[in-house]
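Have a look at the structure below before the remarks.
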Amino acid sequence: MSGWDNNDGMRAALADVSNGTQPANGAVAHRDAPNGVWGEKTQNDYKESNENFNWEGNMRVYEWDGEEGDVGPEHPELESKLFGDPDTRDPQGIDFNVIDRISVTQEGIVRIQPINSFKDAGLHPIMLRNVELSGYRTPTPIQRYCIPAIRMGHDLLAIAQTGSGKTAAYLVPIINHLMGKAKKLAAPRPHPGDADAGARVRAEPLLVIVAPARELAIQIFSEACKFCYRTMLRPCVVYGGGPLRDQIANLQRGCDVLVASPGRLIDLMERGDVLSLRRVKYMVIDEADEMLQADWEDEFNKILGGGEQEEGNVKYMLFSATFPTAVRQLAKTHLAETYVRIKVGRVGSSHENIKQDVVYVEPPMKKQALLDLLYDLKPARTIIFVNSKRMADELDDFLFNKDLPCTSMHSDRTQREREDAMRAFRSGKTPLFITTGVTARGIDVRNVMHVINFDLPSMEHGGIQEYIHRIGRTGRIGHHGLATSFYSERDEPIAKMLTMTLMETNQVIPDFLQQYKPDGDNASKLKFEYDTDEEEPGEGGEGWAGGGGDTGDAGDAGGAGWGAGGDTAAPNGNDDGNNTVGWGSSTNGNGGNSGWNANSASD
């Protein structure tokens, strides 16, 4: 197992790419053996009963049985489990310059003065310690604005790119505020010893966080457990596919912070003896645009209005990657008129810490190209995205039969299989993780050094936004990462937006995408279309204004933001394979083609 989790080795590979020691356009020569030790492949065994399965929702949480004070004593064993080995805690990378330059735009009546450090955030000493234990050193742009906005008591709409640190941006200030008022606000709950003996209460959380994906809900719950450490607040998570009996039992021990997927939350809200939202003080909707695309609007209205609280007693927070009409309407309906609006970076953009390579590969050669790519790079945690459940299963079998340690996940897998796959990937037991877009927004695993788009997303199913979310699984919060995408003529509809995205983040544009570059090479003048279901920017005073935002390092007023509309269709014209470097590019005797095994039959 040595080698695959070696950060230095992967960074060296990234440096090789950056320094040009590998062929242009990401091409990699054919190899017969891997360049490093990936570890032993393993076969999952699902014969044991679900009764003995270690569900993520049953993760151990801090339960203090003290009667005095606002904080509990240290628990070294649990602390180690929650935060990990002190020598390996590093959720925030060292190259923070690119993240730090991301512009932040404010709108609304209230202006927020950003914080420069967590020590300036007015945090309780225990919360500040939990932030340090979690490995955070410097607040990200979204954290700089959201922490003081929430501390000041404002409703909030935050539009932020993936990997920006938004989970901590709302968990830290909300839990920090509630921990000082837990005795006054929280519902009574049994002593842990009495709960073990069967004492039960109805769950009445103070904070409810709703997330679209099961894996994302589990991930947020894991973070909540860290920030609730040594406080009187008890976190729980409920999600579809997991054991309902266990989830109800956890709720009935008492719940102050509830993380939930929408369907399971609605189910439990209808069980009045199990869950009530009457005490809720904060309601957070994470990835709001994703859930509204999934037709959760009716459920949203029930959740947001299901607490029986007096108007104004609940603070609402919406976090979204894009700003479509449905999100605007949700904000108008449920947020206070004076809500704070914060936009971090260009909506849907990526950042320069992710090196993006686009490689031309004929479809019949993609599996062999994938194998060669994996063999060429130093072993490291790698996520491979595909567009179908069938292809996820095929690639899993293909790589497994090549003796590579891999696992896969998609929406047809049982929840147990999904949690098994995620656990194996997180632990490093299977550093190769094959998945569909179902987890593009739900995976935040330490040291994911490489993302591979075996299939580029189609324009009908996510398009360039899906691409950004996928590659955002690496290079998170100051880390460096590598994203490699296989491109063929089938991907022409996404070519123009893909090229502009590469230009925006100062990536090398491969020869076969040069024809899609807009006139002029000035990346700051790129105009990205807003989503077609959105209102015109600025219409009715609700859109994001171009430029002029309250930012420390904002770009020019005419820079990349909500751009003027333009034709997104790829220009006509065919890629004849000339001057391309990649696998399986068609050769006709003209110069510039250096793909191996050209015109090869399918494997």
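Once each part is reduced to its C-alpha centroid, what is the distance from segment 159-199 to segment 220-273 in angstrom?
11 Å
Can you tell me the order of 72-78, 256-262, 111-117 when each peptide is scored by its average per-residue count of other Cβ atoms within 10 angstrom, highest first?
Working: 72-78: 11.7, 256-262: 26.1, 111-117: 14.9.
My ranking of the peptides, most packed first, is 256-262, 111-117, 72-78.
Evaluate the relative contact order of segment 207-345 (contact order divided by residue number), counting alpha-carbon pairs under 8 angstrom at least 6 apart; express in whole percent.
Result for segment 207-345 is 26 percent.
Just order 460-472, 227-239 by mean Cβ neighbour count inside 10 Å, highest at the front, would you? Present the calculation step by step, with values, prior to reporting the outcome.
Details: 460-472: 20.8, 227-239: 25.8.
Ranking, from highest mean packing down: 227-239, 460-472.
So how do PHE486, PHE53 line up by other beta-carbon neighbours within 10 Å, fewest first?
Numbers: PHE486 24, PHE53 16.
With the sparsest Cβ surroundings first, the list reads PHE53, PHE486.
What order do you get for 422-428, 218-224 when each peptide is scored by the mean count of other beta carbon atoms within 10 Å, highest first? Write down the numbers at each step before the final one.
Working: 422-428: 18.1, 218-224: 22.6.
Highest-to-lowest ranking by the protection proxy: 218-224, 422-428.
Given R₀ = 41 Å, FRET efficiency for GLU74-ASP273 by Cβ-Cβ distance, to 0.05?
Numbers: r = 36 Å, r/R0 = 0.87.
That pair, GLU74 with ASP273, gives E of 0.70.
Please compare each pair in LYS389/LYS429; LYS226/LYS315; LYS315/LYS429; LYS41/LYS355; LYS343/LYS429; LYS181/LYS302 to a cut-off of 30 Å on the Cα-Cα distance and tell me which ones are over it. Show your work: numbers first, answer last.
Working: LYS389/LYS429 22 Å; LYS226/LYS315 22 Å; LYS315/LYS429 41 Å; LYS41/LYS355 28 Å; LYS343/LYS429 38 Å; LYS181/LYS302 27 Å.
The answer is LYS315/LYS429; LYS343/LYS429.
Measure off 7 Å from each Cα along the Cα-to-Cβ vector at ARG111 and ASN506, then give the distance between these two points in nanometres to one decimal.
Computed distance between label sites ARG111 and ASN506 equals 3.0 nm.
Would you mind checking segment 243-270 for residues with the amide N under 12 Å from a putative spin-label position 7 Å along Cα→C-beta of THR414?
Residues 243 fall inside that zone.
The numbers here are math on the coordinates, done by the rules we state, and not lab data. Quick caveat: nothing in here was measured; it's all calculated off a predicted structure. Neighbour counts run over all protein chains shown; Cβ positions are idealised from the backbone, glycine included.
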